[in-house]
Amino acid sequence: MDVREGSGMRSKIRSFVNRVKRGEVVKPLYLTYYYAYLSIFDWKHKTRFSNSQAPENMGSPVSGGTGNFPVHPRLIRRFLRASGLGFDDSIVDVGHGSGIVLYTAAQMGYRNLTGIEYGRIPFEISLINVGNRATLIHGNALSMDLSPFKAISFFSPFRGDMACRFFDNLPNNITVVLTINHDRIIEPLLVRQGFARIYDYQHRIYENFNARIWRRGEPAV
């Protein structure tokens with residue numbers, strides 16, 4: 001275990017104790033299960049998804065994200081199935097963190113995967129986790145050409161004005177957008193470009209964890 005992993009574990013333990021002291025029991029218990037699951041997943045697959053990063057360690061002056069908190073693989077599978085995307089469709093994961101979305105998508109059979117991550121630490125971890133299952137780019141998604149892609153996975157790497165800049169004028173070939181915990185100011189931008197919300201997910205324990213799938217040219221749910 002390196003220094004960052006030890007520091008991350010101590011931070012998780014402190015957070016757990018503080019929440020219990022405040023009378024929050026269900027959420028800490030869920031987090032205990034969640035990181036235990038990820039730890040077993042890491043042991044089985046020789047990955048490092050349970051080593052999440054705090055915001056101050058992300059190394060990203062442009063990011064509006066809150067650190068690398070991996071989405072449960074079961075949820076990723078649910079979201080991707082609901083998206084209706086084919087296994088050969090080109091998907092870009094913006095702010096891919098440690099790469100859990102890309103890794104799970106590759107497990108499901110998706111073959112045309114790309115990730116963009118600005119933070120140095122999560123990008124280095126993603127190289128270990130994802131390997132050659134996807135094309136990984138260390139850079140700023142705000143300045144990337146998105147025209148080669150059909151779908152975007154977006155776990156709130158940008159907030160506020162930066163989120164507006166990213167979503168203001170998507171290429172016409174982008175037909176599906178999966179947003180997780182996004183800033184709601186982007187919703188009218190997507191609607192203006194012909195996207196409709198076709199799927200909603202709300203976590204039963206974490207009220208601030210939600211996901212939506214948007215498809216261009218579809219009637220809203």
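The values are calculated or read from the model by the stated rules, or taken from the named source; none is laboratory data. All values derive from a computational prediction rather than experimental measurement. Cβ atoms come from the backbone with ideal geometry, glycine included; neighbour counts cover every protein chain shown.
Considering (1) under 22 Å from residue 104 (Cβ atoms); (2) in contact with a Gly (Cβ under 8 Å, 6 or more places away or on another chain); (3) buried (at least 20 other Cβ atoms within 10 Å of the Cβ), say which one residue 152 fails and leave the rest.
Evaluating residue 152 over (1) under 22 Å from residue 104 (Cβ atoms); (2) in contact with a Gly (Cβ under 8 Å, 6 or more places away or on another chain); (3) buried (at least 20 other Cβ atoms within 10 Å of the Cβ) leaves (2) as the failure.
Suppose we filter the range 181-201 for residues that are under 15 Å from the mean Cα position of the chain (by Cα) and either at pLDDT below 85 or part of a strand (DSSP E or B) (or both); how many remain? Break it down stepwise before answering.
Taking the range 181-201 as the starting set, the residues that turn out to be under 15 Å from the mean Cα position of the chain (by Cα) are 181-183, 201.
Restricting the remaining residues to those that are either at pLDDT below 85 or part of a strand (DSSP E or B) (or both) gives 201.
Residues in the range 181-201 being under 15 Å from the mean Cα position of the chain (by Cα) and either at pLDDT below 85 or part of a strand (DSSP E or B) (or both): 1 in total.
Kindly state which helices (runs of 4 or more DSSP H) lie completely within the range 1-102 and contain at least 2 residues that are at pLDDT 90 or above and surrounded by 14 or more Cβ atoms within 10 Å (Cβ to Cβ).
Helices (runs of 4 or more DSSP H) meeting the threshold: 26-45, 73-83.
Would you tally the residues in the range 181-209 being surrounded by fewer than 20 Cβ atoms within 10 Å (Cβ to Cβ), of a type in the set (A, V, I, L, M, F, W, C) and within 28 Å of residue 31 (Cβ to Cβ)?
So the answer is 2.
Note down all Cβ pairs under 8 Å where the first residue falls in the range 124-147 and is under 28 Å from residue 161 (Cβ atoms), the second is assigned to a helix (DSSP H, G or I) and of a type in the set (Phe, Trp, Tyr), and they're at least six residues apart or on different chains.
Matching pairs, first to second residue: 136/123; 138/123; 141/166; 142/166.
Within the range 161-170, is there a residue that is under 16 Å from residue 91 (Cα atoms), part of a loop (DSSP other than H, G, I, E, B) and out of contact with any Leu (no Cβ under 9 Å at 6 or more places or on another chain)?
Within the range 161-170, not a single residue is under 16 Å from residue 91 (Cα atoms), part of a loop (DSSP other than H, G, I, E, B) and out of contact with any Leu (no Cβ under 9 Å at 6 or more places or on another chain).
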